[in-house]
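Everything on this sheet refers to the single structure shown next.
The values are calculated or read from the model by the stated rules, or taken from the named source; none is laboratory data. Bear in mind the structure is a predicted one, so any value in this text is a computation, not a measurement. Heads up, the Cβs are rebuilt from the backbone with ideal geometry, glycines too, and the neighbour counts pull from every protein chain shown. Only protein heavy atoms, including side chains, enter the accessible area calculation; ligands, DNA and RNA are left aside. Shrake-Rupley method; radii C 1.70, N 1.55, O 1.52, S 1.80 Å.
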Amino acid sequence: MMHTFSRRSLLLGGAATLAIAACSPASADKVDGDASTDPYADTTWRKLTDAEWQERLPTEAYRVLRHEHTERAFSSPLNDEKRAGTFHCAGCDLALFDSDRKFDSGTGWPSFWDAIPGAMGMKPDNRLFYTRLEYHCARCLGHQGHRFNDGPAPTGQRWCNNGLALTFKPA
């Protein structure tokens, strides 16, 4: 039996495939870092089980931090946060960004032009049709977001972060 596909079926199938790929957890690649020089390798944060993380975190924060999901654009109150202070990992409270490095990227997610040195681990994310650079908290390995090279001076970088993965502590 021969099957024929309409253009509409092919387009809808392709769109569904892209949506599934974009929403699926990233590959099992490890966050860059040498265990022998990793100051957080033996911490309690790295020993927590998935069930323990699920118990500690609100449902949506758990999905972002532990399963690399992305929150809906323009849904985080931290996108509009303009006070002086520090943005911390919502999983383990490690300081990740200083507020003076935050800028309005217009993307709908809190964006920064640089992170606090040593606060992040990086890995490639190949879930879409191109490679993005994904970053995670260096201490608990919680997924934060993706770094792009379309930000402002002085770095030219845009660290596009999930607001659910952050807490803010005013100065």
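Quick one: how many residues across the stretch 97-115 are in contact with a Ser or Thr (Cβ under 8 Å, 6 or more places away or on another chain), open to solvent by less than 50 Å² (accessible area, probe 1.4 Å) and in a loop (DSSP other than H, G, I, E, B)?
Total meeting the criteria: 4.
Are any residues in the stretch 122-144 modelled with pLDDT under 95 and either over 19 Å from residue 103 (Cβ atoms) or small (Gly, Ala, Ser) (or both), and if so, which ones?
Correct list: 122, 123, 124, 125, 126, 127, 128, 129, 130, 131, 132, 134.
Take the stretch 56-79 and flag every residue that is in a helix (DSSP H, G or I), under 22 Å from residue 106 (Cα atoms) and not aliphatic (A, V, I, L, M).
Within the stretch 56-79, 77, 79 meet the criteria.
State which residue pairs qualify: first residue in contact (Cβ under 8 Å) with a residue 24 or more places away in the chain and inside the stretch 76-90, second residue assigned to a strand (DSSP E or B) and polar (S, T, N, Q) in any location, beta carbons under 6 Å apart, and separation of 6 or more residues or different chains.
88/167; 90/167
Can you name every residue in the stretch 96-117 that is touching a residue at least 60 places away in the same chain (Cβ under 8 Å) and either farther than 17 Å from residue 157 by Cβ or more than 14 Å from the chain's Cα centre (by Cα) (or both)?
99, the sole residue that qualifies.
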